[in-house]
Amino acid sequence: MADRYRQFTKTPLGRFLVPKLGLPNPATLRRYQPGQPPLNGPALQGAAPGGRLEKTLRTQLFDADIEVVDHDERYGALVFDATGITDPAQLRELHLFFHPVIRKVGPSGRVVVLGTPPELVEGRERIAQRALEGFVRSVGKELKRGATANLVYVAAGAEDATESTLRFLLSGKSAFVDGQVIRVGTQGIPEVAAPEDWAKPLAGKVALVTGASRGIGAAIAEVFARDGAHVVALDIPAQGAELSDVANGIGGSALQLDITAPDASERLADHLEQRHGGVDIVVHNAGITRDKTLGNLTEGGWDAVLTVNLVAQLAVNDKLLTDKVLRDNGRIIGVSSIAGIAGNVGQTNYATSKAGVIGMVQDSAGPLARYGGTINAVAPGFIETKMTAQVPIVIREAGRRLSSLGQGGLPVDVAETIAWYANPASGAVNGNVLRVCGQALLGA
């Protein structure tokens, strides 16, 4: 459903009235288009004394065709290595770097701060590094015109494993990711190789996407195909026609299967093994809602949501891992929700299931890392889909406006984030749950 208010703000009348009345004025976000420059302008790079990422970052920015300058009137990005901050008194380095230039960040610009995971250090360094989260989240709320700010914690030894994350955050692929924290290398540091072609990082990969007939699932399938993967698009038989349209449109294959059936995991594993020789990427996107307040929620409504959104996913994971259908260095990606973090009225079943997806990530990250695999999840906020179009208008408008970016996201925003997780160069990104919510003013 179209965001009619945002459309109004772009009309001549809207451009006149909105600033006069002090109304929200959502920016037009710059989203990724193949062949476009990574940024709208050059990047400014800085570092606290003693930082361990400065040289690596400069090389990675150069490889990504991002111009780094010493000074300019307008910046596409500000990138700061804060790993050298080992005492709270040194946090003044943030002010020294950002204060003179923060108002020079251009439309859809990027601020990226890199630090050391607080849980991997002790004492004053741990305190100082944890403080970076408050700084970055506040910057994300101060930036205007679609600009974003994010924090990347990089474990010692994982310096060379940050390139995929840096490219993602500095590009239009992260348009709706704001005020978030990413951890690189905290679950063990595997050997991470860059793809032969950054424009086709999933070339030669087989990817399973459940719930792929429409909305976010269809967008994931399309982005995966764009990035070179063969997509096995899965959905229930009732969605067969739409599923075939998606699969045919991207040159993938369709699989009609109810993942809650008693033999679903076995049938799925057999299909992937016999038709494709295994699978490299599994995206658990299938999900349903049965919204009722707890006092009105039936046992059937509870069980249906928990089974589709969580229990069936665990069964699939167990089968694919036990039978070694998931190939070496495989990726499992879950779709949680902001409701799984903050809860929501009338969604005790849904929020429980989506919080369970976060638990699935936390429980499986360590074991998968031992085999070179990763598991991560996205937690979408308000995304413009057919489902959110059914939400009452007052709640829908609140969902759109109560974020730093002042608008809903698009299915492609979730898909781009999932594709970053799936990238072979993201092998050190494990156990993360990233909110794709425009820094919604809801939850932690």
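The values are calculated or read from the model by the stated rules, or taken from the named source; none is laboratory data. Since the model is a prediction, treat every value here as computed from it, not as a measurement. As a convention, Cβ positions derive from the backbone with ideal geometry for all residues, glycine included, and neighbour counts pool all protein chains shown. Please note that ligands, DNA and RNA were not included when accessible areas were found on the heavy atoms of the full protein model with its side chains. Shrake-Rupley method; radii C 1.70, N 1.55, O 1.52, S 1.80 Å.
Starting from residues that are of a type in the set (Asp, Glu) and modelled with pLDDT of 95 or more, keep the ones in region 161-196 and report whichever is farthest from residue 62 (Cα to Cα). Walk me through how you get there before you give the answer.
To start, the set of residues in region 161-196 that are of a type in the set (Asp, Glu) comprises 163, 178, 191, 196.
Next, only the ones that are modelled with pLDDT of 95 or more stay: 163, 178.
On the way: 163: 11, 178: 24 Å.
Taking the candidates together, the pick is 178.
Pairing residues of region 116-144 that are within 24 Å of residue 437 (Cβ to Cβ) and part of a helix (DSSP H, G or I) with residues that are at pLDDT 95 or above and open to solvent by 50 Å² or more (accessible area, probe 1.4 Å), at Cβ distances under 6 Å and at least 6 apart in sequence or on separate chains, gives 118/126; 118/130.
Is there a residue in region 254-263 that is under 25 Å from residue 413 (Cα atoms) and of a type in the set (A, V, I, L, M)? Yes, there is a match, as at least one residue in region 254-263 is under 25 Å from residue 413 (Cα atoms) and of a type in the set (A, V, I, L, M). Pairs meeting the criteria (first residue in region 1-25 and polar (S, T, N, Q), second residue exposed (fewer than 12 other Cβ atoms within 10 Å of the Cβ), beta carbons under 8 Å, at least 6 apart or on different chains) are 25/19. The number of residues in region 56-83 being surrounded by fewer than 18 Cβ atoms within 10 Å (Cβ to Cβ) and either in contact (Cβ under 8 Å) with a residue 40 or more places away in the chain or of a type outside the set (S, T, N, Q) (or both) comes to 13. Considering region 179-206, the residues that are in contact with a Ser or Thr (Cβ under 9 Å, 6 or more places away or on another chain), hydrophobic (A, V, I, L, M, F, W, C) and over 30 Å from residue 144 (Cα atoms) include one that is least open to solvent (accessible area, probe 1.4 Å), namely 192. Cβ-Cβ below 9 Å, separation at least six or inter-chain, first residue in region 197-219 and polar (S, T, N, Q), second part of a loop (DSSP other than H, G, I, E, B) and surrounded by fewer than 22 Cβ atoms within 10 Å (Cβ to Cβ): which pairs? Cβ pairs passing all conditions: 210/257; 213/236. Among the residues making up region 99-115, those that are under 16 Å from residue 48 (Cα atoms) and open to solvent by less than 10 Å² (accessible area, probe 1.4 Å) are 111, 112, 113, 114, 115.
Among the residues of region 410-444, those that are among the polar types (S, T, N, Q) and assigned to a helix (DSSP H, G or I) comprise 417, 426.
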